[in-house]
1. Between a first residue in the stretch 123-146 that is buried (at least 22 other Cβ atoms within 10 Å of the Cβ) and a second residue that is among the polar types (S, T, N, Q), which pairs have beta carbons less than 6 Å apart while being 6 or more apart in sequence or on different chains?
2. Looking at (1) surrounded by fewer than 21 Cβ atoms within 10 Å (Cβ to Cβ); (2) part of a helix (DSSP H, G or I); (3) of a type in the set (A, V, I, L, M), find the lone condition where Ala20 falls short.
3. Condition first: over 14 Å from Leu192 (Cβ atoms), crowded, with 18+ Cβ neighbours inside 10 Å and under 19 Å from the mean Cα position of the chain (by Cα). Now tell me which residues in the stretch 148-174 satisfy that.
4. Name every residue in the stretch 195-227 that is at pLDDT 95 or above, aliphatic (A, V, I, L, M) and under 17 Å from Val237 (Cβ atoms), in order of residue number.
5. Show the residue pairs that are 6+ apart or on different chains and have beta-carbon atoms under 8 Å apart, the first residue being within the stretch 58-76 and within 19 Å of Leu48 (Cβ to Cβ), the second being of a type in the set (Ser, Thr, Tyr) and surrounded by 15 or more Cβ atoms within 10 Å (Cβ to Cβ).
6. Report whether or not Ala5 is in contact with a His (Cβ under 9 Å, 6 or more places away or on another chain), of a type in the set (Gly, Ala, Ser) and surrounded by fewer than 22 Cβ atoms within 10 Å (Cβ to Cβ).
7. Consider only pairs whose beta carbons are under 6 Å apart and that are at least six residues apart or on different chains; among these, list those whose first residue lies in the stretch 219-241 and is small (Gly, Ala, Ser) and whose second residue is at pLDDT 95 or above.
8. In the stretch 148-173, how many residues are within 17 Å of Leu236 (Cα to Cα) and part of a loop (DSSP other than H, G, I, E, B)?
Amino acid sequence: MTSPALVASCWTTAGDALPAGDRERSPLPLPERVRAVAATGWVGLGLLHADLDGLSPADLAALGGLVRSQGLTHVEVELLDGWWDDDEGAWRPRWDLLLAAARELGAALVKATPPPAGHTGDLVVRLRALAEEAAASGTRLALEPVPWAAVASIPAGADLVREVGHPAFGLVVDAWHVFRAGTSLEELAASLSGGDPVVVAVELDDADATVVGTLFEDTRDRRRYCGEGVFDLPGLVRVLRGAGFEGPWGVEALSTEHRALPLDAGLARARDAAIAVLTAPPQPRTPLDPQTRRPS
């Protein structure tokens with residue numbers, strides 16, 4: 001069996017860095033991260049805006065050359081936020097940086113986060129315009145629904161993708177956000193049916209049954225490696241493959257535990273755990289308890 005093609009998300013290689021706040025920039029040099037990803041058998045990696053900020057066009061070109069020389073074939077850049085705000089001065093510089101990086105690195109997509117919960121503005125026109133810009137830069141825009149935001153689930157995101165109706169716009173399906181949003185696999189499958197390519201990227205991860213702290217604290221500090229938590233990852237993979245997604249599969253290792261590991265060790269552990277899930281033989285489906293939505 002051919003080993004699944006895996007992409008190390010930005011946090012999987014970021015070392016002791018944290019999303020949101022003043023520790024977003026990885027303390028690890030970008031060339032070290034690129035070489036480590038290639039050496040441990042991944043096909044690509046993700047990079048965060050904080051890691052790209054301050055790089056000149058020549059720096060980005062050199063980074064793209066390194067990525068290609070290491071045999072990596074898939075790059076993702078992130079994270080665009082604030083795009084729903086009419087004040088383009090607040091978010092446009094980051095968008096321009098991400099697009100420039102996408103051009104130089106040959107990035108398959110630029111990830112974006114949804115507006116905060118309670119946002120009531122029309123998102124369709126703005127997303128369609130951003131998708132046009134992404135396409136002009138040779139990439140795609142990918143929105144990642146999160147359970148505390150205005151686009152809180154994959155079904156809601158799928159409806160939005162269809163409404164936007166642009167081939168350069170799709171969804172990131174993160175396992176943590178699927179299960180923590182309470183979306184069942186049946187609901188997920190129904191939202192992705194129809195044959196249209198809604199999903200453009202996937203991030204695999206796991207978690208414990210109980211949320212500790214806020215949802216954001218839980219997602220930042222307490223994710224588990226694939227197969228080490230309670231998520232039905234084989235079921236998720238089955239649904240995604242049934243919807244036409246065949247990879248490459250992103251792996252997002254994001255936790256206090258992962259941040260404490262050396263780069264190569266963390267990459268190897270995240271890789272092996274994801275491969276075990278992706279290559280596991282199909283299992284008979286166990287009926288779910290209607291109250292708990294867990295296997296009965």
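1. Every condition considered, the pairs that remain are Pro145/Ser153.
2. Just one mismatch for Ala20, condition (2).
3. Those that are over 14 Å from Leu192 (Cβ atoms), crowded, with 18+ Cβ neighbours inside 10 Å and under 19 Å from the mean Cα position of the chain (by Cα): Ala149, Ala150, Val151, Ala152, Ala168, Phe169, Asp174.
4. Across the stretch 195-227, the qualifying residues are Val199, Val200, Ala201, Val202, Leu204, Ala207.
5. Close Cβ pairs satisfying both conditions: Glu76/Ser9.
6. yes
7. Close Cβ pairs (under 6 Å, with a partner that is at pLDDT 95 or above) amount to Gly227/Ala273; Gly227/Ala276; Gly227/Val277; Gly229/Asp206; Gly229/Ala207; Gly229/Asp208; Gly235/Leu185.
8. 1
The values are calculated or read from the model by the stated rules, or taken from the named source; none is laboratory data. Owing to the predicted nature of the structure, the values given are computational and were not obtained by experimental measurement. Glycine also receives a Cβ, built like all others from the backbone with ideal geometry; neighbour counts cover every protein chain displayed.
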